[in-house]
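Below is one structure, written out as structure tokens; the observations come after it.
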Amino acid sequence: MYWVNESVFYHIYPLGFCGAPKVNDGKKEYRLDKVIDFIPHLKEMNVNAVYFGPVFMSTTHGYDTNDYYHIDNRLGDNESFEKICNALHENGIKVVLDGVFNHVGRGFWAFKDVQQHGQSSPYCSWFQRIDFGGRSPWGDNFWYEGWEGNYDLVKLNLRHPDVKRHIFDAVKMWKEKFKIDGLRLDVAYCMDLDFLRELKHFCKGMDKDFWLMGEIIHGDYNRIANPDILDSCTNYECYKGIYSSHNDHNYFEIAHSLRRQFENGGIYRNIYTYNFVDNHDVNRVASTIREFDNVKNAFSVAYFMPGVPSVYYGSEWGIKGQKNNVDYDAPLRPCVNVEDIQKNDLYRHVCKLGAVRRTFKALKYGSYQNVVIRNEQLVFKRQFEGETVYIALNLTGNNFGLDFNTDGGAKLYDVMNGYTSYDVHGNRVHIDIPAHGTMVLVLTDGGRPQPLINSSDTPVEQPVETQPEKSQPVEEKQPEPKLPEWNVPGKYRHFKGGEYEFICIAKNTETMEDLVIYRELFGEHKVWARPASMFYQFVEVNGKLVPRFEKIG
């Protein structure tokens, strides 16, 4: 799906975003029109796709649909929403709607007919397990299946031909009138797979680029995201791994999930997952990650891991919100207006992530590989069609020096931080990751990579060649220190004086990290294992960089 690969999503929960009444009062208010005022904000963030939560007529939270053919009156009407979609499309922003097809609300017209006419209603078979031998928890003279025990959400019979026809005709109307570009399928993990197959066939018949993404919170993603069913799915495993790794200062957790899912042989390497750090169902990322300074790195992982990133409205500047036992999900879904936008450091970071992702194909289409995994530092690599990009993250409050192997090249340019360059020596490089920082290091043969591009296809950061002023004397360049060649047996001297025999490089079975195995040449002849990223590393001695281990024989 080409347009999805090129996208950054903005997720809006419309009823909350607009401050609509919690219960539909029947009054029409054009509250959702304010999305048009947000378009410059979206473009500054390099957002080019909006996923709207429920927008169709409902009684309360939107997932209790009463009418698939009309926009909820608390948000506006079909004509006003058409104008919103046209404005987004005119600005190069795709539109994806929430397809709530597993269940409907008790106010759904066909269910109300069953309530009124009982067994004589022609719509009894539209719903799952209608039983006139019992009573519902709401006092109806029949029992029915509610979604996961919630009887305000009436389970549809998705095998009934008339139900399918009703839903497919609605989707066709949305496509023709609103020109939507895709659907997010609510609770796809528990939906009838044959229905999803038919839905995909129907949608692709209208538009081969129509995108179908399913909500799945557990289990095997391949069950619903595959060539026969849906194009994509939510990545809850990595959502959990992202916030947990940053809270526990343990990058091994998210690195394990990313390797499991996406490295060569990864179980989801063929799925372009939908990635996020929060959404309308979970606590806000600024309330979940204990150190606010690390929220930026959480977004960095979501943007640069395989898949398409999504930002939940307001989280780009750090809105907080947690579920509670009184208002339930309401704190996660606040009303937000343009004047509430805060252009703080987090917001500027998220904007830049979008520009970086937009600029480099390796970050949109590339393979994934872990390079260095430490508790508080992570380096991973993305590659595509000869382009190699390394992502380096640091959880600590101090700058952190790190060495790792590269795939050749002469320099790495950090496009997140002023195009600072780092020289590669013998396929090894030393970098200094900023405190709580992200580096995006583009491998080159010496020349600078292209400047970052924003949503208007114009440079947002043009690297400038720095030259010493003519009036200042140019210091004579001293020979640069060199690290020993990779994986060469022999004798080595530690910078503190100890001498050792290099035996081999081994792989850590849990993390696939390279370990150098070496033995003391004197004393007790102990055998040691050290991460190769540390063995092949410069250290500072008396103000100068020297190799931690120097080959002496």
Item to check | Only one of Ser58, Ser120, Ser125 that is under 23 Å from Asp186 (Cα atoms), free of Cβ contacts under 8 Å to residues at least 60 places away in the same chain, open to solvent by 20 Å² or more (accessible area, probe 1.4 Å) and among the hydroxyl-bearing types (Ser, Thr, Tyr) | outcome: Ser125
Item to check | Residues located in the stretch 110-135, provided they are in contact with a helix residue (DSSP H, G or I) (Cβ under 8 Å, 6 or more places away or on another chain) and in a loop (DSSP other than H, G, I, E, B) | outcome: Ser121, Pro122, Tyr123, Ile130, Phe132
Checklist entry - Among (1) free of Cβ contacts under 8 Å to residues at least 24 places away in the same chain; (2) more than 16 Å from Ala20 (Cβ to Cβ); (3) acidic (Asp, Glu), which single condition is Asp345 missing? => result (1)
Checklist entry - Only one of (1) crowded, with 23+ Cβ neighbours inside 10 Å; (2) over 30 Å from Asp152 (Cα atoms) fails for Glu44. Which number is that? => result (1)
Item to check | Failed item in (1) within 30 Å of Ala87 (Cα to Cα); (2) surrounded by fewer than 17 Cβ atoms within 10 Å (Cβ to Cβ); (3) touching a residue at least 24 places away in the same chain (Cβ under 8 Å), with Ala170 passing the rest | outcome: (2)
Checklist entry - Quick one: in the stretch 325-343, which of the residues that are open to solvent by 60 Å² or more (accessible area, probe 1.4 Å) and not in a helix (DSSP H, G or I) is nearest to Leu452 (Cα to Cα)? => result Lys343
Checklist entry - Which one is nearest to Gly265 (Cα to Cα), of the residues in the stretch 482-498 that are touching a residue at least 24 places away in the same chain (Cβ under 8 Å) and open to solvent by 50 Å² or more (accessible area, probe 1.4 Å)? => result Trp486
Next on the checklist: Can you tell me which condition Arg290 does not meet? The list is (1) charged (D, E, K, R); (2) within 13 Å of the chain's Cα centre (by Cα); (3) surrounded by fewer than 19 Cβ atoms within 10 Å (Cβ to Cβ), and all the others hold.
Outcome noted: (2)
Checklist entry - Regarding Trp138, is this residue touching a Ser or Thr at 6+ places or on another chain (Cβ under 6 Å) and aromatic (Phe, Trp, Tyr)? => result no
Next on the checklist: Just to check your reading of the model, which residue among Asn279, Asn337, Asn283 is closer than 21 Å to Trp211 by Cβ and touching a residue at least 40 places away in the same chain (Cβ under 8 Å)?
Outcome noted: Asn279
Next on the checklist: I'd like the full set of residues that are charged (D, E, K, R), open to solvent by 80 Å² or more (accessible area, probe 1.4 Å) and within 18 Å of Asp403 (Cβ to Cβ), limited to the stretch 516-550.
Outcome noted: Glu540, Lys544, Glu550
Checklist entry - Under 8 Å by Cβ, and 6 or more places apart or on different chains, what pairs join a residue from the stretch 80-102 that is farther than 13 Å from Ile39 by Cα with one that is open to solvent by 50 Å² or more (accessible area, probe 1.4 Å) and part of a loop (DSSP other than H, G, I, E, B)? => result Ser80/Tyr30
Item to check | Enumerated strands (runs of 3 or more DSSP E) restricted to the stretch 344-461, each holding at least 2 residues that are under 17 Å from Val301 (Cα atoms) | outcome: 367-373, 377-384, 387-394, 438-444
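Results for (1) touching a residue at least 40 places away in the same chain (Cβ under 8 Å); (2) open to solvent by less than 10 Å² (accessible area, probe 1.4 Å); (3) within 30 Å of Asn78 (Cα to Cα), shown as yes or no for each residue.
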| site | (1), (2), (3) |
| --- | --- |
| Gly182 | yes, yes, yes |
| His201 | no, no, yes |
| Asp228 | no, no, no |
| Phe262 | yes, no, no |
| Ile267 | yes, no, no |
Next on the checklist: For the stretch 272-285, which positions are over 12 Å from the mean Cα position of the chain (by Cα) and either open to solvent by 10 Å² or more (accessible area, probe 1.4 Å) or more than 22 Å from Val311 (Cα to Cα) (or both)?
Outcome noted: Asp281, Val282, Asn283
Next on the checklist: Which numbered condition in (1) open to solvent by less than 50 Å² (accessible area, probe 1.4 Å); (2) of a type outside the set (A, V, I, L, M); (3) part of a strand (DSSP E or B) is the only one that Phe101 fails?
Outcome noted: (3)
Item to check | Which listed residue, of Tyr151, Tyr144, is more than 34 Å from the chain's Cα centre (by Cα), open to solvent by less than 70 Å² (accessible area, probe 1.4 Å) and not polar (S, T, N, Q) | outcome: Tyr144
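Condition check ((1) of a type in the set (Ser, Thr, Tyr); (2) touching a Ser or Thr at 6+ places or on another chain (Cβ under 9 Å); (3) within 17 Å of Tyr536 (Cβ to Cβ)) across all residues:
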{"residue": "Gly354", "(1), (2), (3)": "no, yes, no"}
{"residue": "Ile391", "(1), (2), (3)": "no, yes, no"}
{"residue": "Asn398", "(1), (2), (3)": "no, no, no"}
{"residue": "Thr438", "(1), (2), (3)": "yes, yes, no"}
Checklist entry - In the stretch 207-219, how many residues are free of Cβ contacts under 8 Å to residues at least 40 places away in the same chain and either polar (S, T, N, Q) or closer than 21 Å to Asn279 by Cβ (or both)? => result 7
Checklist entry - Any residue in the stretch 80-96 that is of a type outside the set (A, V, I, L, M, F, W, C), in a strand (DSSP E or B), touching a Leu at 6+ places or on another chain (Cβ under 8 Å) and open to solvent by less than 10 Å² (accessible area, probe 1.4 Å)? => result no
Checklist entry - Do the conditions hold for Asn398, that is, is it under 19 Å from His256 (Cα atoms) and polar (S, T, N, Q)? => result no
Item to check | Residues satisfying the stated conditions in the stretch 98-123, i.e. more than 14 Å from Leu153 (Cα to Cα), in contact with an Asp or Glu (Cβ under 9 Å, 6 or more places away or on another chain) and not charged (D, E, K, R) | outcome: Gly99, Val114, Gln115, Ser121, Pro122, Tyr123
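The values are calculated or read from the model by the stated rules, or taken from the named source; none is laboratory data. Not measured: the values here are computed from a predicted model. Every residue, glycine among them, receives a Cβ derived from its backbone with ideal geometry; neighbour counts consider all protein chains shown. Note: areas computed on protein heavy atoms with side chains; ligands, DNA, RNA excluded. Shrake-Rupley method; radii C 1.70, N 1.55, O 1.52, S 1.80 Å.
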